[in-house]
Amino acid sequence: MKHDPDVVRIFDTTLRDGEQSPGASMNVEEKVLVARQLERLGVDVIEAGFAASSPGDFEAVARVAATVTRPVVLSLARTKENDMVQAIRAVEKARNPGIHVFIATSDLHLERKLMMTRQEVIDAACWAVEYCRKYLDYVEFSAEDASRSDPDYLVQVFGEVIRCGATVVNVPDTTGYAVPEEFGALFRYLIANTPGSDRVVWSAHCHNDLGMAVANSLAAVRNGARQVECTVNGIGERAGNTSLEEVVMAIHTRSDFFKLRTNIVTEQIYPASRLLSQVTGLVVPVNKPIVGDNAFAHEAGIHQDGVLKDKLTYEIMRPESIGLPSNKLVLGKHSGRHAFAERLKQLGVDLYNVDMNKAFAKFKELADRKKFVYDEDILAIVTEEAVRGPDYLELLELEVRASTHGVPSAQVRLRVDGAVKQGAAEGDGMVDACFKAIAELVGVQPRLERYAVKAITGGTDAMGEVSCLISLDGVTATGQGAHTDIVHASALAYVNALNKIQSRRTRYRQISGEEP
C-alpha cells in the first residue's frame, strides 16, 4: 500500500465510535450531512458505521458510501462471516471502499469474553482478512485491547494478518489504559519486530478514559504510526475518543517538532465541530481546546496587553486557521440573497444542504428583530434548518404566560400530519408548559432526558440555541432549535425531536415491516 511517510492519515470514526456516545445517535440523513462535512474537512477515511448491527446502520453506511467521493468509506465488522458480508455489501457503491475487521487479543478478553485460545484468535483473524481481500483491496485489521495485550503475541497476530493481506494494522487503546511513553514504546517495538511491518500503515485508536487519548496518539505518531483514528469534538463511548481537532492542530502548529503533516483543511475544523454539536445536541465545553468558546479568548489583563501588542505573545494559532468566525457584523436587514449566499460560502456552508428560500426568509425575520446579525447567528439558522426532521409536525403559533403569582401556561397551535390543532397546558415553568401542550396535541408522552441552552452571541437580543434529548417507547432523538426567544427555541427543538422520532419509526417500518 503506497503512502507518503510524511503524512499522517486521519481516520474519522465520528459516525461509528463517536455515535456510541450516550445521546449522540444520528439518523441516516444526519450521518450523510456530517459525512459531507468530513469530506470537505479532508479526512482520509470515514468509518460510517457497523453495517451488521442494524438495518438502520447498514442503510447509513450505504448512503455515506454512495455520497462521498474522495475518502475511503468502510464499515466495522467482527471476524464473523455475516458481519463481513454485510459490511462488504454496504460499501459496494463507494468510490474507495474498505472494511475494518477486528478481534480482541488481550488474555483478559480471550478468557472472559471470547473463550478462545491464542491460536484460535490468530486463525480467526487470518481467515477474516483473507475472506475480505477476495472482495476489497483496503482491509484494516484491529487487535482490540492491544494496549493490555502481550507485545510478543501482538507481533505474532500482526505478522500473520499482514501475510494474509491486511493493508492497515491498528493498535487500539480500547479502554484508555495506556500512558504516552508506554504506548509509544509499544508502537516502536511492534514496527521493529513484526514481519512485513513496512508493507502496511500503522494506526492508533485511543480512548480518553484517563484524559490521555491525544497524548497517546501523538506518542504513537512519534514512533511510527501514520494513521490516527479520532472523532470530531472527541465524542465517543465513556470519556470519548481522540479529538480530531486537537491531534490535527498539534501536528499543524508544531510541525517543527513532528516534521509531519495531515491532509486536513484546517479552516473546516470549526464548521465541522459546530455541525456535529447541532446534530447531536452535545454542547462543546467552553474550555475545549481548539473549538471551545474560550479557546481564543483573553480576559487576564496581562494576556490582553500582550495580545494587543503582538498576538504571538499568547496565541499559538490564528482563529481563522480553524475557520472560526470573526464575530463581526456582516449582514443586515437590507442585505440581499446574493450577499447572504456568498457569506454562507465564506463560512464553509455547503449550499447543497440549504433550502435557500427558507434560510433567507429566516435571516430576514431575524434581521428585523436584531440590531446586529453575527456570523454565529447565520450559522445557527442554516444548521438548524439542515438537521430538521421531516415536517410531520410544524409549530405555527406559540403564546406563553408567566408571573410571580400565577401558574405558567402555554397555548400552542400545531400542524400535525397536515391537520391544524390548538391546545393549552400549565407547567412548572414556561418551557415545561410549552412541552406539555405540544405533547398533548400530538397524543404522546415522551420523556425529556436532556435539555441544554446556549446563547450564540452576546446581548439581550442574542440568538439562543436549545437542544433536547427525548425518548418515547425505546426510541430516542435529539432536537435543536434557534430563536431570539428561548421558549420559542425550546418549542422548535421539542418539535424537531418529535419529528425525528416519527421519521425513525416510519423508516424502521419500511425496512423491517414492523414497529421497533
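Laboratory data are not the source of any read-out in this text; all were calculated from the coordinates shown. Everything numeric in this text was worked out from a predicted model, so none of it was measured. Here the Cβ is made from the backbone with ideal geometry for all residues, glycine too, and neighbour counts use every protein chain on show.
Rg/Rh for the stretch 393-512 to two decimals, with Rh computed the Kirkwood way over all alpha-carbon pairs. List each step's numbers first, then the result.
Working: Rg = 14.6 Å, Rh = 14.7 Å.
Value, to two decimals: 0.99.
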J(HN,Hα) series, the stretch 467-483, from Karplus relation 6.51 cos²θ - 1.76 cosθ + 1.60, nearest Hz, glycine and proline x: 10, 9, 10, 10, 10, 8, 6, x, 9, 10, 7, 9, x, 10, x, 9, 6
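If R₀ is 30 angstrom, what is the calculated FRET efficiency for the pair residue 107 and residue 133, using the beta carbon separation as r and rounding to 0.05?
Numbers: r = 28 Å, r/R0 = 0.94.
That pair, residue 107 with residue 133, gives E of 0.60.
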Phi-based couplings in Hz for the stretch 402-408 (Karplus 6.51, -1.76, 1.60; Gly and Pro marked x): 7, 8, 5, 10, x, 8, x
Whole-Hz ³J(HN,Hα) from phi, Karplus 6.51 cos²θ - 1.76 cosθ + 1.60, for the stretch 52-63, glycine and proline x: 7, 6, 6, x, x, 5, 4, 4, 5, 4, 4, 5
In nm, spacing of pseudo-spin labels at residue 116 and residue 258 (7 Å Cα→C-beta vector): 3.3
Sum of -39500 (n - 2.57) over DSSP H runs of 4+, divided by residues of the chain (222 nm, nearest 500): -12000 deg cm²/dmol
Separation in nanometres of the label points that stand 7 Å from Cα toward Cβ, at residue 210 and residue 92: 4.5
Among the listed pairs 362/454; 31/500; 31/93; 370/436, those beyond 22 Å (Cα-Cα): 370/436
Other-chain or far-sequence residues with amide H under 5 Å of residue 240's (modelled H): 208
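Under the rule that an exposed site lies in a DSSP loop and has at most 11 other Cβ atoms within 10 Å, name the longest stretch of the chain with no trypsin sites (Lys or Arg not before Pro) of that kind, not counting the sites themselves. Could the numbers behind the result be given before it?
Numbers: sites that count: 2, 134, 259, 328, 371.
The reported range is 372-516.
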Difference of contour (0.36 nm per residue) and Cα-Cα distance, residue 404 to residue 199: 66.6 nm
Base-10 log of normalised Debye intensity for the stretch 71-189 (one unit scatterer per alpha-carbon) at q = 0.09, 0.10, 0.15, 0.16 Å⁻¹: -0.24, -0.29, -0.65, -0.73
Relative contact order for the chain, counting Cα pairs under 8 Å that sit 6 or more residues apart, in percent: 11
Amide hydrogen neighbours beyond the local backbone of residue 143, cut-off 5 Å, H modeled: 170
Calculated FRET value between residue 239 and residue 267, using beta carbons and R₀ = 35 Å, to 0.05: 0.80
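Could you give the length gained by full extension between residue 447 and residue 85, i.e. 0.36 nm per residue of separation minus their alpha carbon distance, to one decimal place?
Values: separation 362, 0.36 × 362 = 130.32 nm, distance 3.74 nm.
Extending this stretch completely gives an extra 126.6 nm.
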Inter-probe distance in nm under a simple model that places probes 7 Å from Cα toward Cβ, at residue 345 and residue 294: 3.8
